[in-house]
Amino acid sequence: MRKLIIANWKLNPKALAEAERLVRTLASAARASKGEVVFCPPAAYLAELKSGFPKLAFGAQDASYVDEGPYTGAVGPSVLKSVGAEYVIAGHSERRANFGETDAIVVKKIKAILSAGLTAILCVGEPLTVRNKGIAASQKFVAQQLKDSLKNIPRTTKLVVAYEPVWAISTSGSGKSETPEDAAAMIRFIKKLRPGRVLYGGSVNSKNAKDFLAYRDIDGLLVGGASLKSEEFRAILRYA
Ligand code: PGA
């Protein structure tokens with residue numbers, strides 16, 4: 001299967017014109033990549049980027065769990081779909097930590113995303129306090145999170161899981177990053193619980209992407225910081 005490479009731009013860049021510039025510098029590498037590349041810019045840019053680059057695939061970083069009605073400020077999955085999103089990330093650790101998203105909320109979001117006919121990308125991953133207790137503790141944490149974030153969602157439902165150890169996110173420079181070997185082991189563990197595509201995310205860059213992608217079990221990458229740097233991201237796309 002083709003490797004799935006998700007560019008998670010988070011809350012960057014601060015203006016549409018910059019986002020257009022960035023996609024323009026990455027478009028041909030994305031089209032030439034053997035992997036399947038999905039850009040997840042801030043939601044407000046989706047419509048414009050999709051119409052400017054109709055051949056590229058786009059996704060959203062989040063969606064509300066309500067899809068229509070009197071919910072001021074909410075952006076539902078159907079709205080995102082209508083402006084070109086095919087994927088929606090749910091339960092990213094930054095949403096969980098900064099916006100109080102619980103597993104119960106994540107379940108509702110995933111259901112709404114699936115009902116709208118979009119592909120959900122569920123993020124799971126252990127915090128440092130858990131990882132410090134070892135691999136077994138980390139597996140236990142991830143298994144529970146997977147179970148609680150997918151409660152009542154049939155095991156056979158098609159979705160993507162991204163394993164993102166929280167302590168390995170945005171660490172550029174600090175030297176803290178998951179080894180491809182440990183990432184692959186956790187991904188094998190996740191696949192036993194939940195068959196489907198499982199990605200790795202957390203400080204992926206042009207130097208380590210190749211090593212993660214070399215593992216057959218790692219179905220792709222969720223790339224944050226490095227997806228905003230065109231040279232870096234182009235290099236990652238070449239390895240896919
Ligand atoms: P990072 O982010 O690549 O900047 O660590 C990954 C993510 O949070 O999805």
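For the reader, a short list of remarks on this structure follows.
- For the chain, with +1 on Lys and Arg beta carbons and -1 on Asp and Glu, the positive-most of 98, 128, 212 along the dipole: 212
- Taking 20 Å as the straight-line reach from the Cα of residue 10, the lysines in range (excluding those fewer than 8 positions away in the same chain) are 50, 81, 109, 229.
- Amide H to amide H distances under 5 Å link residue 61 with 43, 89, where only residues 5 or more positions off or on other chains count and H is placed in the peptide plane.
- Over the range 64-131, volume per residue of the alpha carbon convex hull, in Å³: 93 Å³
- Alpha-carbon spread of the chain, three principal axes, descending order, Å: 46, 43, 32
- Dividing the helix sum by the residues of the chain, where each DSSP H run of 4 or more adds -39500 (n - 2.57), gives a mean residue ellipticity at 222 nm of -11500 deg cm²/dmol.
- Across q = 0.21 Å⁻¹, the range 28-104 modelled as identical point scatterers on its alpha-carbon atoms has Debye log10 I(q)/I(0) values of -0.97, in the order of the q list.
- Chain lengthening between residue 51 and residue 16 when straightened (0.36 nm per residue, less Cα-Cα): 11.3 nm
- Relative to the Cα centre, the charge distribution of the range 157-240, modelled as +1 at Lys and Arg Cβ and -1 at Asp and Glu Cβ, gives a dipole magnitude of about 300 debye.
- For the range 11-52, a crude dipole built from +1 on the beta carbon of Lys and Arg and -1 on the beta carbon of Asp and Glu, taken about the Cα centre, is about 120 debye to the nearest 20.
- log10 of Debye I(q)/I(0), alpha-carbon scatterers only, for the range 122-240 at 0.18, 0.21 Å⁻¹: -0.90, -1.18
- Amide H to amide H, with H built 1.01 Å from N, residue 220 comes under 5 Å of 4, 200, counting only residues 5 or more places away or on other chains.
- Listed residues 165, 185, 141: farthest to the positive end of the dipole of the chain (Cβ charges): 185
Here, each number is a calculation from the coordinates, and none is a lab measurement. None of these values were measured; they are calculated from a predicted model. Note that we place each Cβ from the backbone using ideal geometry, even for glycine, and neighbour counts take in every protein chain shown.
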